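S.K.: Dumping the structure here so I can ask a few things about it.
The values are calculated or read from the model by the stated rules, or taken from the named source; none is laboratory data. Small disclaimer: the values here were computed from a predicted structure and weren't measured. Note that each Cβ is placed from the backbone with ideal geometry, even for glycine, and that neighbours are counted across all protein chains shown. Protein only, heavy atoms only, side chains kept; ligands, DNA and RNA dropped before computing areas. Shrake-Rupley method; radii C 1.70, N 1.55, O 1.52, S 1.80 Å.
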There are 4 protein chains.
Amino acid sequence: MNASIGLAVIGAGYWGPNLVRNAMATEAIDVRWLCDLDVDRAREVLGRYSTISATDSYDAVLDDPAVQAVAIATPAASHFPLAMAALDAGKHVLVEKPLTGSLDDGRKLVQAAEDRGLVLMCDHTYCYTSAVQELRRLVHTGELGQVQFIDSVRINLGLVQPDVNVLWDLAPHDLSILDYLLPPGVGAVAVAAHGADPIGHGMPCVGYLTLRLSNGAMAHVHVNWLSPIKIRTMVVGGSQRTVVWDDMNPSQRLAVYDRGVDRLAPRDLDPDDRKQMRISYRSGDMVAPALTEREALRAMMTEFASSILEHRPPATGGVAGLRVMEILEAAEESLRTGGSFVTMEDTR
Amino acid sequence: MNASIGLAVIGAGYWGPNLVRNAMATEAIDVRWLCDLDVDRAREVLGRYSTISATDSYDAVLDDPAVQAVAIATPAASHFPLAMAALDAGKHVLVEKPLTGSLDDGRKLVQAAEDRGLVLMCDHTYCYTSAVQELRRLVHTGELGQVQFIDSVRINLGLVQPDVNVLWDLAPHDLSILDYLLPPGVGAVAVAAHGADPIGHGMPCVGYLTLRLSNGAMAHVHVNWLSPIKIRTMVVGGSQRTVVWDDMNPSQRLAVYDRGVDRLAPRDLDPDDRKQMRISYRSGDMVAPALTEREALRAMMTEFASSILEHRPPATGGVAGLRVMEILEAAEESLRTGGSFVTMEDTR
Amino acid sequence: MNASIGLAVIGAGYWGPNLVRNAMATEAIDVRWLCDLDVDRAREVLGRYSTISATDSYDAVLDDPAVQAVAIATPAASHFPLAMAALDAGKHVLVEKPLTGSLDDGRKLVQAAEDRGLVLMCDHTYCYTSAVQELRRLVHTGELGQVQFIDSVRINLGLVQPDVNVLWDLAPHDLSILDYLLPPGVGAVAVAAHGADPIGHGMPCVGYLTLRLSNGAMAHVHVNWLSPIKIRTMVVGGSQRTVVWDDMNPSQRLAVYDRGVDRLAPRDLDPDDRKQMRISYRSGDMVAPALTEREALRAMMTEFASSILEHRPPATGGVAGLRVMEILEAAEESLRTGGSFVTMEDTR
Amino acid sequence: MNASIGLAVIGAGYWGPNLVRNAMATEAIDVRWLCDLDVDRAREVLGRYSTISATDSYDAVLDDPAVQAVAIATPAASHFPLAMAALDAGKHVLVEKPLTGSLDDGRKLVQAAEDRGLVLMCDHTYCYTSAVQELRRLVHTGELGQVQFIDSVRINLGLVQPDVNVLWDLAPHDLSILDYLLPPGVGAVAVAAHGADPIGHGMPCVGYLTLRLSNGAMAHVHVNWLSPIKIRTMVVGGSQRTVVWDDMNPSQRLAVYDRGVDRLAPRDLDPDDRKQMRISYRSGDMVAPALTEREALRAMMTEFASSILEHRPPATGGVAGLRVMEILEAAEESLRTGGSFVTMEDTR
């Protein structure tokens, strides 16, 4: 208990209550404040039985010496000033996606945290699910073989956002997962984006991202606010195995298929004669690994606490958030220029 | 029986036997020949108990006055000469997809059939499934409302083709379905294509098509030879209803959702202020319509016979095949030029 | 707030924390105590941020004049003394299933509550799900037609209980649902039970109940602790519609099929000639009604509060609990006597 | 071809055409006749393109020296006389389920075939599916461990039969599968049956069978003509693994779960104290074995031909059919006597 980290949660809107609840369940954290400009909303979130204090004064929070860290769940535009103020006050910072409203601000934030030796972490929640942990293990250990294609679908009847298109709203989830599971040294080198706005919203409500990866593979993301059914699937195709992650199927989230396509060496053939290339198909069993069901947000909160206590970068630090934003900004450029590929500077 | 149409099936490979079997079950058709350069293969397909004749002579088939129609299931490159010879001999022609190897040849074929008053039909089999018939009815009657987005996925561990990429191999299915179900006057105006070849095949094995439709909506097609699981889904999103077609779920192929997004008139608001646009969500029941299970190929064959007997164009005539090829050729152009949109001349 | 009901939750084991959480979220309830013989466990459940008091003294709870109601989530054997003491102290009582350890005790409890004008409610949680509410509506309005068969399956790798067989552990869920949804006047008249103990546990781990209903239909329940997969389905077959409830399929819990079998009047036939009876099959659409997702336990808690405030019997009162216990005791008798039907005195 | 077996199919009703089609595809079989009292029906089944002869004369069939075997797909009541006449004429016999209309007749048939050294085979089609073959392998090799419970469900909107109840119509499938996959020496020792007739059909339309197996386990079968949805599942629970067979899920028919319940030796405890028995739960991966898709009926027909050519008993011979009938007759007795267990003489 003497190692406990005093925490303030900033923002009592959609996500803040989840942060409060999971921080309360984290042994190493001592939740002290829930701060919102609308203090009544903060009080309502805390309810009638809580000893945690509600406030509308961010200054009071930052002035509290018992607060060592803040978790920011406010609208994106406010992430930069709030996070920068917290860093300036010597607090560790956890921030919701997207990291900031602009790439420049994001870079400043990362630099500021590094200069001060403070933790700056992005709440890339999905990375802390058992499914993504196992997916990453399969990729990083080589069991999957070389990554050949990735196809991610994230669609449902979503809350059409007034000031952000569907790519900025939903694709950060897919991109943060990609960032987390791709093997070291592999990342997006170019992105093409297509969007449609069939309901006259003024911004795309249906979006497609196509990413060229540095290893020659392609990753594809489909995000959509207009679908009446909820689909959350990601297929990661590898040279040895292919994994299908269906997040809507709790009894079998991951299915690992030992099937694939081998290109056989065209031994006696003219090597340039593509038509004679021999393809062999493997077909084997499917394994659905036993996954521990757990709340991803709790694991994320534990990682935040651990990275503070152990003075190390978190698994999904500010730099990971920057990489996601770089792809989103390139996607915006592609949308503006008719959907062709936009090359990114690789920042890794 | 006196109205029966003498038929010859050309090609005893992958698809030919299916044509033979379904033609045999069609009352108005009298199957007379199965023709293949490899006559032993033709004999093997017919088996030990058949009264149908096998031959390797296409001339003999065309010379037979009892043959009024031919069904061509040979490699794509041979479609044009075989079909043209049949038309020249005064025979009606059914041809597998794609119509021909090139758009020019396709146009010549359509013209030739028209000049001679003969039926030229494309075997767009999927259009004759109960599911697509019902989908089309929902679109054409207006029950679906305005089409807002279409997303089609057709992936599985396919036979990697030696001389054709995955778009030409699989996307004709999706494109012929789109062509069939879109409302009159709505069609593709531009297409962007992305492909990946992660196994070093020399041609894309994973492909994405994005189509801009003339009504402002977007259609998307994902085809993939490398997936260990078979997915055949199409989501057709409308302003009134959205339909999910899952062809791998025989007990519930179509699900019609009465949910959607409405854009409310921003009555008292500045009409230019997009941020204040009010979106309302409807949520209602899902209906899975009872579909008659039937073999689509039989219905297709019956349509071929009926169009001949009734001297009328078939539901999926040569012109429909041309429209599919136009999109594929534009897609090829997009692939070559980095994935940006290629505008098509609308041929409707 | 002046109408709020002071509540104490008794038992901090498996279910108690859920009661605490949902009671805290119920506007009309003011949670005052969590009582457990192991006060440290109670404190741990409440956590570091709660204003609710932990205690190991049931007397202190009953002596607190601010407590108007208790919710009992302790082992079954203690239900009777704890509930009776609460009633004697003038408190309303909510009790977990089964109501008591014996039918006699249950009857005493029901009588005592009635004599004192207090609410005695059973936490038949499933009855408060949207799915069961809709199922009941379909039955009670007659939309389903006459109930013809009911088949319930509740299996998974459960916690093998040391002192109770699988029928007493799991079947109360199915039986309380049946009790709730059957139309007025219809109930079980006889029950046959079969059990197996393939792991040498000393009591059945796999159990089957067959209930003859007073309307001639049959209800069947399969409960099983040994299945690695979790199945929670109930099929309610009616003369007009049949409903399939799959609780493991959140996106489509209820499917209402407009199909069935009609027996046609054998008009011109010898009415005794069963072989000539004409059966007609109807086949129609399936509708998956839109259900509001909500936590059943919260709705149950709200019903507890409302029944207290409105001085009326709750939807699942003590008498419903008695009916469930009567079936379980008859099932025990059937198990002991080789599996034949045991007739129950109908207590309605 | 010189080893080919001349075959006549008897009965051109529901199943006969399937036998004809699969016999035609079996290399070692030469189909010569399709015989039906209604010769026009036989002709219609054969169609316009067949060289096989239709007849209504069973005598002509039996007199044909080129016929070495008959496959009988007529109503159950006629199985005995037709099969006996064929055996008397020296023909091998394949017969649909049930073997005969009565157990006595069945025994005579088995004896007659044995006396004459002829093959008598039951068309237990399901036993020849890849799924049942793999299930049997898992049981017989011991990979499953000891069989602990079996639960089979076979329900759908069936053709309500005029002269047979649902148990005799559908349960032979489940019972023949059980017979095939249980380990040597394990079989049913008693059976209890419950049935309901909610539509006034005069015979049960919903039926339940509970079988006590000789190893202490229990098998359960649910058959139902009145369900609008089709369910075909069998769960085989073993001490090491549990297998779920879902025949409606072609992409994953078998799921093998490496989970279960272990009973630990209560080492230091009083061995009589059941309450202290320690149960441990294992939880592991699920494997869906890759199965070869094939038509079971073709494999069955091949087994018929092979058993004739190799002068050996077929995998599902007449004796297997007798065992199925014994259970059905005991079930009838249980139905008549109120649903208690009826002990069978074990005939193995």
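S.K.: Looking at segment A:19-102, what helices (runs of 4 or more DSSP H) fall wholly within it and have at least 1 residues that are touching a residue at least 24 places away in the same chain (Cβ under 8 Å) and basic (Lys, Arg)?
M.R.: Details: elements: A:39-46, A:58-63, A:79-88.
Of the helices (runs of 4 or more DSSP H) lying wholly inside segment A:19-102, those with at least 1 residues that are touching a residue at least 24 places away in the same chain (Cβ under 8 Å) and basic (Lys, Arg) span A:39-46.
S.K.: Just one of the numbered conditions (1) away from every other protein chain (no Cβ under 12 Å); (2) under 21 Å from B:Val20 (Cα atoms); (3) open to solvent by less than 40 Å² (accessible area, probe 1.4 Å) is not true of D:Arg43; which one?
M.R.: Failing condition for D:Arg43: (3).
S.K.: Just the residues that are over 23 Å from D:Asn22 (Cβ atoms) and open to solvent by 30 Å² or more (accessible area, probe 1.4 Å), please, taken from segment B:46-65.
M.R.: Passing the criteria: B:Ser53, B:Asp56, B:Ser57, B:Tyr58, B:Asp59, B:Ala60, B:Asp63, B:Pro65.
S.K.: I'm told B:Leu211 meets every condition in (1) part of a loop (DSSP other than H, G, I, E, B); (2) within 12 Å of another protein chain (Cβ to nearest Cβ); (3) within 20 Å of the chain's Cα centre (by Cα) except one. Can you identify the failing condition by its number?
M.R.: (1)
S.K.: Against the conditions (1) modelled with pLDDT of 90 or more; (2) farther than 30 Å from D:Lys230 by Cβ; (3) within 11 Å of chain D (Cβ to nearest Cβ), where does C:Met286 fall short? Just the number, please.
M.R.: (2) is the only condition that C:Met286 fails.
S.K.: Follow-up. Being open to solvent by 40 Å² or more (accessible area, probe 1.4 Å) and modelled with pLDDT of 85 or more: is that true of A:Met301 here? Spell out the reasoning first.
M.R.: Values: open to solvent by 40 Å² or more (accessible area, probe 1.4 Å): no; modelled with pLDDT of 85 or more: yes.
No: the conditions fail for A:Met301.
S.K.: From D:Asp169, D:Asp174, D:Asp179, grab the single residue that is touching a helix residue (DSSP H, G or I) at 6+ places or on another chain (Cβ under 8 Å) and charged (D, E, K, R). Steps first, answer last, please.
M.R.: Values: D:Asp169 fails: touching a helix residue (DSSP H, G or I) at 6+ places or on another chain (Cβ under 8 Å); D:Asp174 fails: touching a helix residue (DSSP H, G or I) at 6+ places or on another chain (Cβ under 8 Å).
Of D:Asp169, D:Asp174, D:Asp179, the one residue that is touching a helix residue (DSSP H, G or I) at 6+ places or on another chain (Cβ under 8 Å) and charged (D, E, K, R) is D:Asp179.
S.K.: Another question about this same structure. Within the group D:Val95, D:Val20, which residue is within 14 Å of chain B (Cβ to nearest Cβ), within 30 Å of D:Leu291 (Cβ to Cβ) and either touching a strand residue (DSSP E or B) at 6+ places or on another chain (Cβ under 6 Å) or among the small types (Gly, Ala, Ser) (or both)? Explain how you work it out, then say what you get.
M.R.: Values: D:Val95 fails: within 14 Å of chain B (Cβ to nearest Cβ).
Result: D:Val20 is the single residue among D:Val95, D:Val20 that is within 14 Å of chain B (Cβ to nearest Cβ), within 30 Å of D:Leu291 (Cβ to Cβ) and either touching a strand residue (DSSP E or B) at 6+ places or on another chain (Cβ under 6 Å) or among the small types (Gly, Ala, Ser) (or both).
S.K.: Within segment B:161-180, is there a residue that is at pLDDT 95 or above and within 11 Å of another protein chain (Cβ to nearest Cβ)?
M.R.: no
S.K.: Related question: Return the only residue of B:Leu135, B:Leu118 being over 25 Å from B:Arg21 (Cα atoms), among the hydrophobic types (A, V, I, L, M, F, W, C) and in contact with a Leu (Cβ under 7 Å, 6 or more places away or on another chain). Walk me through how you get there before you give the answer.
M.R.: Working: B:Leu118 fails: over 25 Å from B:Arg21 (Cα atoms).
Sole residue among the options that is over 25 Å from B:Arg21 (Cα atoms), among the hydrophobic types (A, V, I, L, M, F, W, C) and in contact with a Leu (Cβ under 7 Å, 6 or more places away or on another chain): B:Leu135.
S.K.: Examine segment C:252-259 for a residue that is within 30 Å of C:Thr337 (Cβ to Cβ), buried (at least 18 other Cβ atoms within 10 Å of the Cβ), at pLDDT 90 or above and more than 9 Å from chain D (Cβ to nearest Cβ), and state whether such a residue exists. I'd like the intermediate steps shown before the answer.
M.R.: Of all residues in segment C:252-259, those within 30 Å of C:Thr337 (Cβ to Cβ) come to none.
No - not one qualifying residue is present in segment C:252-259.
S.K.: Of everything in segment B:1-49, what is under 20 Å from B:Leu82 (Cα atoms) and among the aromatic types (Phe, Trp, Tyr)? Give them in sequence order. Break it down into steps so the answer makes sense when it comes.
M.R.: The initial filter retains those residues of segment B:1-49 that are under 20 Å from B:Leu82 (Cα atoms), namely B:5-20, B:23, B:31-39, B:41-42.
Once the filter is applied, which keeps residues that are under 20 Å from B:Leu82 (Cα atoms) and among the aromatic types (Phe, Trp, Tyr), segment B:1-49 yields B:Tyr14, B:Trp15, B:Trp33.
S.K.: So A:Ala77 ticks every box in (1) under 30 Å from A:Val67 (Cα atoms); (2) in contact with a helix residue (DSSP H, G or I) (Cβ under 7 Å, 6 or more places away or on another chain); (3) open to solvent by 10 Å² or more (accessible area, probe 1.4 Å) but one. Which box is left unticked?
M.R.: (2)
S.K.: From A:Ala8, A:Ala12, which residue is crowded, with 22+ Cβ neighbours inside 10 Å, at pLDDT 95 or above and assigned to a loop (DSSP other than H, G, I, E, B)?
M.R.: Details: A:Ala8 fails: assigned to a loop (DSSP other than H, G, I, E, B).
Only one candidate passes the filter, namely A:Ala12.
S.K.: Confirm whether A:Gly117 is facing chain B (nearest Cβ under 8 Å) and at positive phi. Even if it seems obvious, please write down each step before you answer.
M.R.: Numbers: facing chain B (nearest Cβ under 8 Å): no; at positive phi: yes.
Criteria not met by A:Gly117.
S.K.: Might you let me know whether segment A:216-237 holds any residue that is free of Cβ contacts under 8 Å to residues at least 12 places away in the same chain and within 11 Å of chain B (Cβ to nearest Cβ)? Write out each step before concluding.
M.R.: Applying the first criterion (free of Cβ contacts under 8 Å to residues at least 12 places away in the same chain) to segment A:216-237 yields A:216.
Then keep just the ones that are within 11 Å of chain B (Cβ to nearest Cβ); that gives A:216.
Yes, the conditions are met somewhere in segment A:216-237.
S.K.: If you don't mind, there's one more thing I want to ask. So, in segment A:80-106, exactly how many residues are buried (at least 16 other Cβ atoms within 10 Å of the Cβ) and among the hydroxyl-bearing types (Ser, Thr, Tyr)?
M.R.: Counting residues in segment A:80-106 that are buried (at least 16 other Cβ atoms within 10 Å of the Cβ) and among the hydroxyl-bearing types (Ser, Thr, Tyr) gives 1.
Conditions tested, residue by residue: (1) in contact (Cβ under 8 Å) with a residue 24 or more places away in the chain; (2) of a type in the set (A, V, I, L, M, F, W, C); (3) touching a His at 6+ places or on another chain (Cβ under 7 Å).
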{"site": "D:Gly284", "(1), (2), (3)": "yes, no, no"}
{"site": "D:Ala288", "(1), (2), (3)": "yes, yes, no"}
{"site": "D:Thr292", "(1), (2), (3)": "yes, no, no"}
{"site": "D:Ala296", "(1), (2), (3)": "yes, yes, no"}
{"site": "D:Ala299", "(1), (2), (3)": "yes, yes, no"}
{"site": "D:Ala305", "(1), (2), (3)": "yes, yes, no"}
{"site": "D:Arg312", "(1), (2), (3)": "no, no, no"}
{"site": "D:Val319", "(1), (2), (3)": "yes, yes, no"}
{"site": "D:Leu322", "(1), (2), (3)": "yes, yes, no"}
